[in-house]
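Visitor: Sharing a structure with you now.
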Amino acid sequence: MKKIISTLCLSLILAATAFAQVSAADTEKAFKILEATDDVLAYHGDYSATVSLLIEKPNKPKESVQYKIFERTDKKLMTLVQLFPEADKGNGFLRDGDNIWAYDPISRKFSHTSIKESLGNSDVSLDDIEQDENTWRINYDIAAIEEGLLGKQEVYIITITAKTNEPQYARSKLYIRKDMNLILKYEDFSGSGRLMRTTLMPKYAKVPSGYVPTQIIVKDELNPGENTTQVISELTFDKLPDRIFTKAYLEGLN
């Protein structure tokens, strides 16, 4: 028994040491790669898009949910309006800095909510679709950085741990395409190290201002067979009116 306990303790120490051995140079390299994944995307300043979600759960019919998103990424402003299904049309969310409200068009009332709020019955949250710029250094520490393959694609594999309450998960592992700084996959883990969710980003589109992930697949690892596919369409990058980012705008839609 003592031998088993000693071996377990040694394993924990070695694991902790491995995570602690990220040098300052590697930490800086990892953060620069993560920031480059933001820079290469087209989401800078104002944009709008249609977000369609296909929700699949075992032994249940597929569900479709659709939203219109408006965002001003450099000001942390976001308005999200539900378009489908018809019964939920007009439901919305509004973000202004650290304040996030959910809007119910039936009661015409706003209630404070969280960036971790799920969209409909899906595995996608507000945090997943918001394009907040360059918050890596604020919210995370670097636990590991290495190089490897994802299929035949050369990638950086960067493990990050949350140091604020903003991230949804305690630890994430990102697989980033080396030649283009595009995130192809990430895995989210609980504080105990359990794999909670896997997100795949197999399709990107090139637009004049950068790249856009047009298909994102979110797999719930706790419930096998439960997936949400997110499709981005109807993207525009025109300057948006200030009134879109107000409670009055959501109220005026109904």
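Visitor: Restricting attention to region 201-238, which residues are over 22 Å from Glu63 (Cβ atoms), touching a strand residue (DSSP E or B) at 6+ places or on another chain (Cβ under 9 Å) and not polar (S, T, N, Q)?
Guide: Hits for region 201-238 are Tyr204, Ala205, Lys206, Val207, Gly210, Tyr211, Val212, Leu235, Phe237, Asp238.
Visitor: Here's another thing I want to ask about it. Please verify whether region 110-130 includes one or more residues that are of a type in the set (Lys, Arg) and farther than 22 Å from Glu63 by Cβ.
Guide: Taking region 110-130 as the starting set, the residues that turn out to be of a type in the set (Lys, Arg) are 116.
Subsequent filtering for residues that are farther than 22 Å from Glu63 by Cβ retains none.
No, region 110-130 contains no residue that is of a type in the set (Lys, Arg) and farther than 22 Å from Glu63 by Cβ.
Visitor: Examine region 43-58 for a residue that is more than 27 Å from Ile160 (Cα to Cα), aromatic (Phe, Trp, Tyr) and touching an Asp or Glu at 6+ places or on another chain (Cβ under 8 Å), and state whether such a residue exists.
Guide: yes
Visitor: Only one of (1) hydrophobic (A, V, I, L, M, F, W, C); (2) buried (at least 17 other Cβ atoms within 10 Å of the Cβ); (3) within 27 Å of Thr113 (Cα to Cα) fails for Leu184. Which number is that?
Guide: (3)
Visitor: Would you be able to tell me the number of residues in region 228-245 that are touching a helix residue (DSSP H, G or I) at 6+ places or on another chain (Cβ under 9 Å) and surrounded by fewer than 18 Cβ atoms within 10 Å (Cβ to Cβ)?
Guide: Number satisfying all stated conditions: 2.
Visitor: Oh, and also: Out of (1) out of contact with any Ser or Thr (no Cβ under 6 Å at 6 or more places or on another chain); (2) over 23 Å from Thr229 (Cα atoms), what's the single condition that is false for Ile100?
Guide: (1)
Visitor: Still on this structure, please answer the following. Filter region 80-114 for residues that are touching a residue at least 60 places away in the same chain (Cβ under 8 Å) and open to solvent by 60 Å² or more (accessible area, probe 1.4 Å); which is nearest to Leu240 (Cα to Cα)?
Guide: This residue is Asp96.
Visitor: Whether any residue in region 210-217 is surrounded by fewer than 11 Cβ atoms within 10 Å (Cβ to Cβ) and either touching a residue at least 60 places away in the same chain (Cβ under 8 Å) or polar (S, T, N, Q) (or both) is what I want to check. Give the steps one after another, and end with the answer.
Guide: Going residue by residue through region 210-217, those that are surrounded by fewer than 11 Cβ atoms within 10 Å (Cβ to Cβ) are none.
Taking every residue of region 210-217 in turn, none turns out to be surrounded by fewer than 11 Cβ atoms within 10 Å (Cβ to Cβ) and either touching a residue at least 60 places away in the same chain (Cβ under 8 Å) or polar (S, T, N, Q) (or both).
Visitor: Here is a further query. Going by the conditions given, is Arg137 open to solvent by 60 Å² or more (accessible area, probe 1.4 Å) and in contact (Cβ under 8 Å) with a residue 60 or more places away in the chain? Talk me through it step by step, then tell me what you get.
Guide: Working: open to solvent by 60 Å² or more (accessible area, probe 1.4 Å): yes; in contact (Cβ under 8 Å) with a residue 60 or more places away in the chain: yes.
Spelling it out, Arg137 is indeed open to solvent by 60 Å² or more (accessible area, probe 1.4 Å) and in contact (Cβ under 8 Å) with a residue 60 or more places away in the chain.
Visitor: Residues that are within 23 Å of Val40 (Cα to Cα), part of a loop (DSSP other than H, G, I, E, B) and in contact (Cβ under 8 Å) with a residue 24 or more places away in the chain: does region 121-130 have at least one?
Guide: The answer is yes; a qualifying residue exists.
Visitor: Select, from Val231, Val207, Val218, the only residue that is aliphatic (A, V, I, L, M), over 20 Å from the mean Cα position of the chain (by Cα) and closer than 27 Å to Val81 by Cβ.
Guide: Details: Val231 fails: over 20 Å from the mean Cα position of the chain (by Cα); Val218 fails: over 20 Å from the mean Cα position of the chain (by Cα).
Of Val231, Val207, Val218, the one residue that is aliphatic (A, V, I, L, M), over 20 Å from the mean Cα position of the chain (by Cα) and closer than 27 Å to Val81 by Cβ is Val207.
The values are calculated or read from the model by the stated rules, or taken from the named source; none is laboratory data. Values in this document were obtained by computation on a predicted structure and should not be read as measured data. Cβ: placed from backbone, ideal geometry, glycine included. Neighbour counts: every protein chain shown. Note: areas computed on protein heavy atoms with side chains; ligands, DNA, RNA excluded. Shrake-Rupley method; radii C 1.70, N 1.55, O 1.52, S 1.80 Å.
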